[in-house]
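Every number here is computed from the coordinates shown, using simple stated rules; none is lab data. Note that the coordinates shown come from a computational prediction; the quantities given were computed from them, not determined experimentally. So basically every Cβ, Gly included, is an ideal-geometry build from the backbone, and we count neighbours across all protein chains shown.
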Amino acid sequence: MPSHVKLFIPGPTEVRADVLAEMARPLISHRGAEMAALHRGVTEQAAAIMFTSHPVLLSTSSATGLMEGGIRNAVERRVLSLVCGAFSERWHRIALDCGKEADAVSVPWGQAIRPEEVDARLASGKYDALTVAHNETSTGVANPLAGIAQVMKKYPDVAFMVDTVSSLGGMPLKVDEMGIDLCLASVQKALALPPGFSIASVSPKIIDRSRRAKGKGFYFDFARMVDKAAQGQSIITPSVSHMFAMRKQFEHILAEGMERRWARHAQMARLTRAWAKERFALFADEAHASDTLTCISNTRGAGISELIAALRSEGMLIGNGYGDLKEKAFRIAHLGELTPTDVGELLAAIDRHLGVSR
Ligand SMILES: Cc1ncc(COP(=O)(O)O)c(C=O)c1O
């Protein structure tokens with residue numbers, strides 16, 4: 001077995017050595033001036049990455065916790081979830097599990113949500129919140145967020161809640177320009193940090209609703225988190241080690257520049273898609289194919305588990321199809337700190353295993 005297996009799965013992903021080293025720093029008190037400076041610095045960096053002036057919450061949980069928080073804090077009447085795969089379905093599931101009035105509008109896996117459909121549903125006036133996954137990691141579909149954001153401008157009373165778990169840091173996204181009320185993401189995908197931490201921007205609409213909300217619980221009480229963050233603190237004992245690592249990684253991300261980072265992801269996606277179309281077929285509708293991962297239909301009937309095992313023995317890991325798509329499709333993530341050179345090496349290795357000459 002190689003000493004390091006390079007991750008081409010849709011998170012966790014490769015983490016820079018100097019960022020990993022930050023996780024091993026001696027700890028500091030989670031109260032006091034040193035922590036306040038760290039907390040403020042990281043939230044400012046996160047706001048720059050998200051293009052927002054809204055407060056940013058740092059959560060010692062993965063993003064699923066913040067998805068649940070969004071539902072508990074911001075849904076007063078009824079929530080509509082746009083479902084195009086397993087993760088967008090999860091947000092609907094959470095709403096039901098939290099006892100909220102909730103509906104889903106679904107499209108077949110591989111397709112994207114149409115903004116016109118969103119408009120038609122919201123025109124009913126039944127909803128005060130909408131959930132959408134920017135990038136559906138189970139299918140490799142990027143929803144047309146700019147188009148949906150345009151529709152949302154017609155519905156200022158509907159909280160616009162966006163899961164950017166597998167897009168933030170890898171695909172164009174501007175929170176304030178798009179009028180996003182809650183933008184949440186885990187850090188283990190295009191932000192390229194160790195898993196177990198997540199961030200979210202919260203608009204005044206979300207904070208106001210949170211202040212009124214009953215039964216929102218303590219851990220994900222957004223208003224309480226915002227108030228505490230204003231003092232450079234968390235309401236709980238946070239993963240300080242993650243915050244050291246975030247400070248370092250966010251420096252790298254901002255030094256690269258968001259436009260350049262998005263362009264690098266787009267280039268890796270183009271390479272992967274061109275290869276996938278020659279050898280197999282894209283699972284996602286190409287017009288809405290993601291820049292952070294590609295889901296590939298197994299049109300050759302290849303043994304995907306065997307392929308994964310063979311690649312792993314060479315030091316590379318790709319993902320099988322998600323859920324029912326296992327063996328019928330496979331996923332190559334091209335996100336975070338990976339480069340077009342890494343992707344080229346992976347594709348060449350897959351070709352070798354398929355017996356395809358280049
Ligand atoms: C689009 C999307 N949303 C939500 C999640 C859940 O994130 P986590 O497992 O970090 O809570 C994932 C995880 O892969 C995801 O890809």
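Observations on the model:
- When only alpha carbons are used to place a centre, the stretch 220-240 and the stretch 1-62 end up 16 Å from one another.
- Rounded to whole Hz, the Karplus (6.51, -1.76, 1.60) HN-Hα couplings of the stretch 221-235, x for glycine and proline: 7, 4, 4, 5, 5, 5, 4, 5, 4, 5, 9, x, 9, 10, 6
- In Hz, Karplus ³J(HN,Hα) per residue of the stretch 7-15 (6.51, -1.76, 1.60; θ = phi - 60°; x = Gly, Pro): 8, 10, 9, x, x, x, 10, 5, 10
- Gain on full stretching of the segment that runs from residue 174 to residue 117 - 0.36 nm per residue minus C-alpha separation: 18.3 nm
- In terms of other Cβ atoms within 10 Å, 93, 212 run from fewest to most in the order 212, 93.
- Interchain or long-range residues, amide H under 5 Å from residue 281's placed H: 297, 299
- Working from Cα pairs under 8 Å separated by at least six residues, relative contact order for the stretch 26-255 is 29 percent.
- Cα centroid separation, the stretch 243-279 to the stretch 86-124: 28 Å.
- In terms of overall dimensions, the chain has a Cα radius of gyration and Dmax of 20.2, 63 angstrom.
- Dividing the summed helix terms, -39500 (n - 2.57) for each DSSP H run of n ≥ 4, by the number of residues in the chain produces a 222 nm estimate of -13000 deg cm²/dmol to the nearest 500.
- Nonlocal amide H pairs with residue 289, under 5 Å, H built at 1.01 Å: 142
- Assuming charge only on the beta carbon of Lys and Arg (+1) and of Asp and Glu (-1), the dipole of the chain about its Cα centre is about 380 debye to the nearest 20.
- Backbone N under 20 Å from the residue 287 label point (7 Å along Cα→Cβ), restricted to the stretch 243-279: 270, 273-274, 277
- Karplus (6.51, -1.76, 1.60) ³J(HN,Hα), θ = phi - 60°, over the stretch 254-263, in Hz, Gly and Pro reported as x: 6, 5, 5, x, 5, 4, 5, 5, 4, 5
- Gain upon complete extension [residue 317, residue 263; 0.36 nm per residue less C-alpha separation]: 17.1 nm
- For residue 353, the shell of other residues with beta-carbons less than 12 Å away shows a net charge of +1, using +1 for Lys and Arg and -1 for Asp and Glu.
- Angle between the chain longest axis and helix 340-354 axis [Cα atoms, degrees, rounded to 10]: 50 degrees
- Peptides 294-300, 332-338, ordered by how many other C-beta atoms sit within 10 Å of their residues on average, highest first, read 332-338, 294-300.
- Amide H contacts of residue 112 (H built 1.01 Å from N, under 5 Å, at least 5 apart or other chain): none
- In angstrom, the C-alpha Rg and Dmax of the stretch 1-64 are 15.4, 47.
- Residues of type lysines that residue 154 reaches as a straight line, Cα spacing below 29 Å, ignoring anything fewer than 8 places off in the same chain: 100, 126, 174, 205, 214, 216
- With Cα atoms, 0 to 90° folded angle of helix 63-74 axis to the chain main axis: 30 degrees
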